[in-house]
Amino acid sequence: MNNLKWFLGVWAPVLLLACNPKTENNSINNLPEWALGGFERPEGVNPLITPNANTKFFCPMQNDSVGWEESDTFNPAATVIGESLYVLYRAEDNSATGIGKRTSRIGLARSGDGLHMERGKLPVLFPAEDNMKEYEWPGGCEDPRVCVTEDGLYVMTYTSWNRQVPRLCIATSRDLKNWEKHGPAFEDAYEGRFKDMACKSGSIVTEIKNGKQVISKVNGRYFMYWGEHQVCMAVSDDLLDWTPLLNDKNELSYVIKPRKGYFDSALTECGPPAVKTKDGILLLYNGKNSNKAEDSDKRFTTGAYCAGQVLMDKNDPTKMIARLDVPFFRPMASFEKSGQYVDGTVFIEGLVFFKGKWFLYYGCADSQVGVAVYDPSKTTPGDALPVL
């Protein structure tokens, strides 16, 4: 009987995912009511953005023309201006070989339907002769997340990489093309205590207001989840300077950490901007399965990145209410299991509400960009959480 219980608890959800044909495009996820989904991969669309060796850019750092998106295009953010959806994606040149060794820049693409992209020819954020030189040379600008205020200020959290310390940084724009860099998010907090701390992946809390996804305050202040080894938190009064939350031991406070034996046994890395719902604050995050067989989730490939969801209390965003034990999105297509990261990766960073649907943009094996779509109007009541 104990063996049967173990089988049903561990393997039954995965067998259901594997055997149900509708689940091959994620249309059935058996999610709890508080979760968002399920997301479907549109037919004939992915990969959405792929490397392009023909676009050239004069790099102020290399003082030469480079193929700035020649090798890999991945880890995208997404937002909306008017009737158009925009994707900002990380692009790597061919200056070296190996994850984290090339120079990264951020490109921009526009879409009228969220599925077909018109790409710009030049990057919009890149290492330059500016105030961020010490943080961004030679590795560049990585992994953007983007959200917008009600008055149209776009706020980007991204990782500056000087190949020594990754730092979570802030940039702002009014048009998504011209960005002002504001430096490390935690530069001034606690008299610079966390200025040189390795940190990344900032997910600012948003809400749906009058049909638009905009930045929202929590208890009078802006709130951000961040981190990859554990999900930490920070607050801000201006969206530029952020103060990490500490516990009673004066150490970084966290809301979730990796779990032995689960899909997120190695890392719990924040995904796209968090969203307020009627049940709480919903954070979609990236879970990496441990490379150690004894610690990993045996249902998934060791080292694979899958996507999870966690719900926090809307009045106390430091308090977790619920968490998925099985990922709602995982590597399935061949291009999600090849490229730079052959263990399989669907790395989510862009979640945007557009024309009544949720568009989820993700990096495919650190090499290409994909999209999945959730249409709440096609959801049976009780299958997924309706947003406010």
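The values are calculated or read from the model by the stated rules, or taken from the named source; none is laboratory data. Computed from a predicted model, the values in this text were never measured in an experiment. Quick reminder, even Gly has a Cβ in these numbers, built from the backbone with ideal geometry, and neighbours come from all protein chains shown. Areas reflect the complete protein model, heavy atoms only, side chains present, ligands, DNA and RNA absent. Shrake-Rupley method; radii C 1.70, N 1.55, O 1.52, S 1.80 Å.
Matching residues to (1) part of a loop (DSSP other than H, G, I, E, B); (2) without any contact (Cβ under 8 Å) to a residue 12 or more places away in the chain; (3) open to solvent by 10 Å² or more (accessible area, probe 1.4 Å):
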{"site": "Cys232", "(1), (2), (3)": "no, no, no"}
{"site": "Lys249", "(1), (2), (3)": "yes, yes, yes"}
{"site": "Gly261", "(1), (2), (3)": "yes, no, yes"}
{"site": "Lys276", "(1), (2), (3)": "no, no, yes"}
{"site": "Leu282", "(1), (2), (3)": "no, no, no"}
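If you go through the stretch 180-191 one residue at a time, do you hit one that is outside any strand (DSSP E or B) and aromatic (Phe, Trp, Tyr)?
Here is the first cut: in the stretch 180-191, the residues outside any strand (DSSP E or B) are 185-191.
Remaining after also requiring aromatic (Phe, Trp, Tyr): 186, 190.
Yes, there is a match, as at least one residue in the stretch 180-191 is outside any strand (DSSP E or B) and aromatic (Phe, Trp, Tyr).
Can you find a residue in the stretch 216-228 that is open to solvent by 10 Å² or more (accessible area, probe 1.4 Å), on the phi > 0 side of the Ramachandran plot, modelled with pLDDT under 95 and not aromatic (Phe, Trp, Tyr)?
No, there is no match, as no residue in the stretch 216-228 is open to solvent by 10 Å² or more (accessible area, probe 1.4 Å), on the phi > 0 side of the Ramachandran plot, modelled with pLDDT under 95 and not aromatic (Phe, Trp, Tyr).
Where in the stretch 286-371 are there strands (runs of 3 or more DSSP E), lying wholly inside it, with at least 2 residues that are crowded, with 24+ Cβ neighbours inside 10 Å? Outline the logic, then answer.
Details: elements: 305-312, 320-323, 346-354, 357-364.
Once the strands (runs of 3 or more DSSP E) in the stretch 286-371 are filtered for at least 2 residues that are crowded, with 24+ Cβ neighbours inside 10 Å, what remains is 305-312, 346-354, 357-364.
Across the stretch 367-388, which residue is farthest from Glu207 (Cα to Cα) among those that are modelled with pLDDT of 85 or more and touching a Gly at 6+ places or on another chain (Cβ under 6 Å)?
Going residue by residue through the stretch 367-388, those that are modelled with pLDDT of 85 or more are 367-377.
Applying the additional criterion that residues be touching a Gly at 6+ places or on another chain (Cβ under 6 Å) yields 367, 374.
Details: Ser367: 30, Tyr374: 17 Å.
The selected residue is Ser367.
Looking only at the stretch 181-215, filter to residues that are within 21 Å of Pro127 (Cβ to Cβ) and of a type in the set (Asp, Glu); which one of those is surrounded by the fewest Cβ atoms within 10 Å (Cβ to Cβ)?
To start, the set of residues in the stretch 181-215 that are within 21 Å of Pro127 (Cβ to Cβ) comprises 181-187, 195-202.
If we keep only those that are of a type in the set (Asp, Glu) as well, we get 187, 196.
Working: Glu187: 18, Asp196: 14.
Among residues in the stretch 181-215 that are within 21 Å of Pro127 (Cβ to Cβ) and of a type in the set (Asp, Glu), the one surrounded by the fewest Cβ atoms within 10 Å (Cβ to Cβ) is Asp196.
Could you say whether any residue in the stretch 168-180 is farther than 24 Å from Phe353 by Cα, out of contact with any helix residue (DSSP H, G or I) (no Cβ under 8 Å at 6 or more places or on another chain) and surrounded by fewer than 19 Cβ atoms within 10 Å (Cβ to Cβ)?
Of all residues in the stretch 168-180, those farther than 24 Å from Phe353 by Cα come to 168-169, 180.
Cutting the leftovers down to out of contact with any helix residue (DSSP H, G or I) (no Cβ under 8 Å at 6 or more places or on another chain) gives us 168, 180.
Still in the running and surrounded by fewer than 19 Cβ atoms within 10 Å (Cβ to Cβ): 180.
Looking through the stretch 168-180, at least one residue is farther than 24 Å from Phe353 by Cα, out of contact with any helix residue (DSSP H, G or I) (no Cβ under 8 Å at 6 or more places or on another chain) and surrounded by fewer than 19 Cβ atoms within 10 Å (Cβ to Cβ).
Give me a count of the residues in the stretch 37-58 that are in a loop (DSSP other than H, G, I, E, B) and within 11 Å of Ala91 (Cβ to Cβ).
Filtering the stretch 37-58 for residues in a loop (DSSP other than H, G, I, E, B) gives 37-39, 41-48, 50-56.
The next check asks that each one be within 11 Å of Ala91 (Cβ to Cβ); those that pass are 50-52, 55.
Going through the stretch 37-58 one residue at a time, the tally reaches 4.
Kindly indicate whether Ile99 is surrounded by fewer than 14 Cβ atoms within 10 Å (Cβ to Cβ), more than 25 Å from Lys355 (Cβ to Cβ) and hydrophobic (A, V, I, L, M, F, W, C). Explain how you work it out, then say what you get.
On the way: surrounded by fewer than 14 Cβ atoms within 10 Å (Cβ to Cβ): yes; more than 25 Å from Lys355 (Cβ to Cβ): yes; hydrophobic (A, V, I, L, M, F, W, C): yes.
Yes: the conditions hold for Ile99.
In the stretch 136-174, which residues are in contact (Cβ under 8 Å) with a residue 40 or more places away in the chain, more than 18 Å from Ser236 (Cβ to Cβ) and not in a strand (DSSP E or B)?
Trp137, Pro138, Arg163
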